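Before any comments, here is the structure.
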Amino acid sequence: VLEPAVPGEDVATTLDRDIQFKAQELIEATVAQFDADLGMAIVTRIDDGSVLAAVSAVVDGETGLARCTSNNLPFTHTFEPGSTMKIVSVAAALESGAVDPYTRIDVPVEKPYPVDDGRVFHVRDTGRYEDRVYTTSEILIRSSNVGSSTLAEVAGPDAVWGLMHGFGFGSVSGVDFPGESAGILEPFLSTVALPTASYGQGVSVTAAQVIESFNSVANGGVRLPLSLTSAELGIKASERVISEQTSGLLMDMMQGVVEHENGTGPNAAVRGYTVSGKTSTAWQPCEGGVAYQCGEDDPDGRAHHYTSGFAGIISNDQGPQFSVYVMIDNPKGAKFGNQVAAPAFAEIAAYTARQLQIPQVTSGVTTTAVRAETAVTTTTTTTLAPESQDG
């Protein structure tokens, strides 16, 4: 039985077709360069939450070439985000009032957490083999897992849990795209749930949720849901999730991720603009639910499946303008967010700035590290509460 088509309604999207095309081209090239399984990027405006581009690419099983996907992965594909989630841990600790950006915190090489069956789970930092003292800012700038878990304990499980939900994790984004996933954010019931969630493991998110959380920080601490159609702009309710002061502190701290000499994301710098962002390199659950049972072999003989990411906010003299998030799944030959995702982020951001004709910073920001040392030894030291073993 043939039924005649019924004319639909006109829909005006917020997408910029040039930015969409360029982002798709760059993600496909990055997936091919690192022989990855898939990749995605999402670009949004800060002031109204409009989605300027949402692209994804997978490897064609027949040709072996990267190609556009048949579904919109930034809204439908879930993964463990890794260190982009550290902005929540830091924000929660700052909101508690127990720390400020210059508070000096003991960060041992590893931090043990007893597990219910008698074993001990150890939180460690990659490539660090000595105990250190970091400021709160340095924990974010250096992407310390041990430091992030400590800050989460300072804030407490209820505060971290509430802030994750406030940023939009565990629920669909403002777009409510067909087939969109809410991710997985389970209650912190075990001793390891809070520390691992503090650095983005043991939770599942979408790219849309990640970019929405960064937009909330850039928007003065106010969450403004994403919009994919022009009709939705200006009608969605906003919600404050962190204070304006905490928002400003986080923006400065994330700028150090790119510009500080010890920052993890120098490859994300965009000439002429200020970039505040965060790298991520996350293990992913694989067959049997164990992260080291699939993926590329490491020198230690284990096989790991990683995702590499970079989320960032591009600002000029008028403040935050737009945001970009790039995620590449299971790259080969390199794994860190600065190596894999940050270069694509920088190219997408530079093109978007040109396409939107956003003026550059008048002070002449360059791609070189220019920020002074974050640690200030003369500031007041806050004594942290004893380590909590619950939640």
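The values are calculated or read from the model by the stated rules, or taken from the named source; none is laboratory data. Keep in mind that what you see is a predicted model, and the values were worked out from it rather than measured. Positions of Cβ are backbone-derived with ideal geometry, glycine not excepted, and every protein chain shown enters the neighbour counts. SASA here: full protein model, heavy atoms, side chains in, ligands and nucleic acids out. Shrake-Rupley method; radii C 1.70, N 1.55, O 1.52, S 1.80 Å.
Within region 54-76, take every residue that is in contact (Cβ under 8 Å) with a residue 60 or more places away in the chain and surrounded by 21 or more Cβ atoms within 10 Å (Cβ to Cβ) and give me the one that is nearest to the chain's Cα centre (by Cα). It would help to see each step written out before you state the result.
First pass over region 54-76, keeping only residues in contact (Cβ under 8 Å) with a residue 60 or more places away in the chain: 54, 71-76.
Those left that are additionally surrounded by 21 or more Cβ atoms within 10 Å (Cβ to Cβ): 54, 72-75.
Numbers: ALA54: 16, ASN72: 18, LEU73: 16, PRO74: 13, PHE75: 15 Å.
For region 54-76, the residue satisfying everything is PRO74.
In region 114-136, the residues that are within 24 Å of THR103 (Cβ to Cβ) and touching a residue at least 40 places away in the same chain (Cβ under 8 Å) reach residues that are in a strand (DSSP E or B) and among the aromatic types (Phe, Trp, Tyr) with C-beta atoms within less than 8 angstrom, at least six apart or across chains, in these pairs: VAL123/TYR113. Modelled with pLDDT of 95 or more, crowded, with 19+ Cβ neighbours inside 10 Å and in contact with a Pro (Cβ under 8 Å, 6 or more places away or on another chain), is that true of ILE328? Against the criterion (modelled with pLDDT of 95 or more, crowded, with 19+ Cβ neighbours inside 10 Å and in contact with a Pro (Cβ under 8 Å, 6 or more places away or on another chain)), ILE328 does not qualify.
For region 188-224, a residue qualifies if it is out of contact with any Gly (no Cβ under 9 Å at 6 or more places or on another chain) and open to solvent by 20 Å² or more (accessible area, probe 1.4 Å), and the qualifying residues are GLY202, VAL222.
If I filter region 275-296 for residues that are of a type in the set (D, E, K, R), touching a His at 6+ places or on another chain (Cβ under 9 Å) and modelled with pLDDT under 95, do I get at least one hit? The answer is yes, given that some residue of region 275-296 is of a type in the set (D, E, K, R), touching a His at 6+ places or on another chain (Cβ under 9 Å) and modelled with pLDDT under 95. Considering the conditions (1) more than 20 Å from the chain's Cα centre (by Cα); (2) open to solvent by 60 Å² or more (accessible area, probe 1.4 Å); (3) modelled with pLDDT under 95, VAL115 is excluded by exactly one of them, (2). How many of the residues making up region 225-256 are surrounded by fewer than 22 Cβ atoms within 10 Å (Cβ to Cβ), among the aliphatic types (A, V, I, L, M) and in contact with a helix residue (DSSP H, G or I) (Cβ under 9 Å, 6 or more places away or on another chain)? Selection size over region 225-256: 2.
For region 144-173, a residue qualifies if it is among the small types (Gly, Ala, Ser) and either over 10 Å from TYR199 (Cβ atoms) or out of contact with any strand residue (DSSP E or B) (no Cβ under 6 Å at 6 or more places or on another chain) (or both), and the qualifying residues are SER148, ALA152, ALA155, GLY156, ALA159, GLY162, GLY166, GLY168, GLY170, SER171, SER173. Filtering region 8-36 to residues that are touching a helix residue (DSSP H, G or I) at 6+ places or on another chain (Cβ under 9 Å) and not in a helix (DSSP H, G or I) leaves VAL11, ALA12, THR13, THR14, ASP16, PHE34, ALA36.
Just checking, does region 169-191 include any residue being β-branched (Val, Ile, Thr), part of a helix (DSSP H, G or I), under 21 Å from VAL217 (Cα atoms) and touching a residue at least 12 places away in the same chain (Cβ under 8 Å)? Explain how you work it out, then say what you get.
Going through region 169-191, the residues β-branched (Val, Ile, Thr) turn out to be 172, 175, 184, 191.
Okay, now just the ones that are also part of a helix (DSSP H, G or I), so none.
Scanning region 169-191 turns up no residue that is β-branched (Val, Ile, Thr), part of a helix (DSSP H, G or I), under 21 Å from VAL217 (Cα atoms) and touching a residue at least 12 places away in the same chain (Cβ under 8 Å).
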